[in-house]
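Engineer: If you scroll down you'll find the structure; I have some questions about it.
The numbers here are math on the coordinates, done by the rules we state, and not lab data. Note that this is a predicted model, so its numbers are computed, not measured. So basically every Cβ, Gly included, is an ideal-geometry build from the backbone, and we count neighbours across all protein chains shown.
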C-alpha cells in the first residue's frame, strides 16, 4: 500500500494540537546489494530479517507516527506480509542512490513536522535509541537530530520539514549527510548505542556484525 498525503496531513493537525511534533520514518531499502551478492535486507539478524528488525525498532520506539518503506518491486515480493501500519513506496530505478529513495519517501509521506531516515541495513538498531532521537527532536524541532556513538555519527537522522527543499536540491545529490555537514549550527548529536553505527554493505560487514552481536 502506498502512503497517501492525507494520512500524514490529518495526523499532523491532530498531533500539533497536542503540542507534539509529528515524525514520519522513511526506510530506504531499494538498493540491489551488489557488494553483498544477495539481498542484504533479508539477511537474518537476531533471528529476524534485517529489514524487519529495523521496522520493529521504529514501530516500537514511540514518537514515530508512521513508517514509509521505500523498496523495489522484486524485494517487495520477497518480503511478504508487512505490518498494516507500514506503508510502501516503490523505487524501481536500479541506478538510483539512497538519496533518491529518501526523496521518494518524502513524496509518499507528505508534509509532517520531521522526517526520520534510517536505512534498512541499520542492523540491530534499538527502539530506545530511536526514542531518544525522537524525544530530542521534540525538544528541538527546528534542529537536525543525529544518533552518535563514540564520537562518530550514525543512524537515525531526523530533519525538520523546513529543510525538505534542501534534501530535494542538488546540495544533497551526493547523499543526505550533506544536510548536517553544511549546517553544523543546527545539529544535535544524541548519544546512542553502538548499533547506531551499523552499516552492512559486504559479507565482511555481516560477519563482523555477527561476531559482535
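Engineer: Taking the alpha-carbon set of the chain, what are its Rg and Dmax in Å?
Structural biologist: 16.0, 48
Engineer: Find the percent of Cα-Cα distances in segment 107-213 that exceed 22 Å, and round it to a whole number.
Structural biologist: Details: 1842 of 5671 pairs.
Summing the P(r) tail past 22 Å for segment 107-213 gives 32 percent.
Engineer: Also, I was wondering about something else. Tell me the relative contact order for the chain as a rounded percent, counting alpha carbon contacts under 8 Å between residues six or more apart.
Structural biologist: Averaging sequence separation for qualifying contacts and normalising by length gives 24 percent for the chain.
Engineer: Report the Cα-based extents of segment 46-121 along its three principal axes, largest first, to the nearest Å.
Structural biologist: Result, largest extent first: 33, 33, 20 Å.
Engineer: Shifting gears a bit: Please list 104-110, 86-92, 166-172, 146-152 highest first by mean number of surrounding beta-carbon atoms within 10 Å per residue. Let's see the in-between values first.
Structural biologist: Numbers: 104-110: 21.6, 86-92: 18.6, 166-172: 14.1, 146-152: 15.9.
Highest to lowest by the protection proxy: 104-110, 86-92, 146-152, 166-172.
Engineer: Something else now. For the chain, with a Gaussian network of springs between Cα atoms less than 10 Å apart, report the residue from 36, 98, 157 with the top mean-square fluctuation.
Structural biologist: Evaluated over the chain, the most mobile residue of the options is 36.
Engineer: Fewest Cβ neighbours within 10 Å first, please rank 115, 206 accordingly.
Structural biologist: On the way: 115 24, 206 20.
Ordered by Cβ neighbours within 10 Å, fewest first: 206, 115.
Engineer: When DSSP beta bridges are limited to those with both residues in segment 5-211, what percentage is antiparallel, rounded to the nearest 5?
Structural biologist: Numbers: 10 of 30 bridges.
Taking every DSSP beta bridge within segment 5-211, about 35 percent pair in antiparallel fashion.
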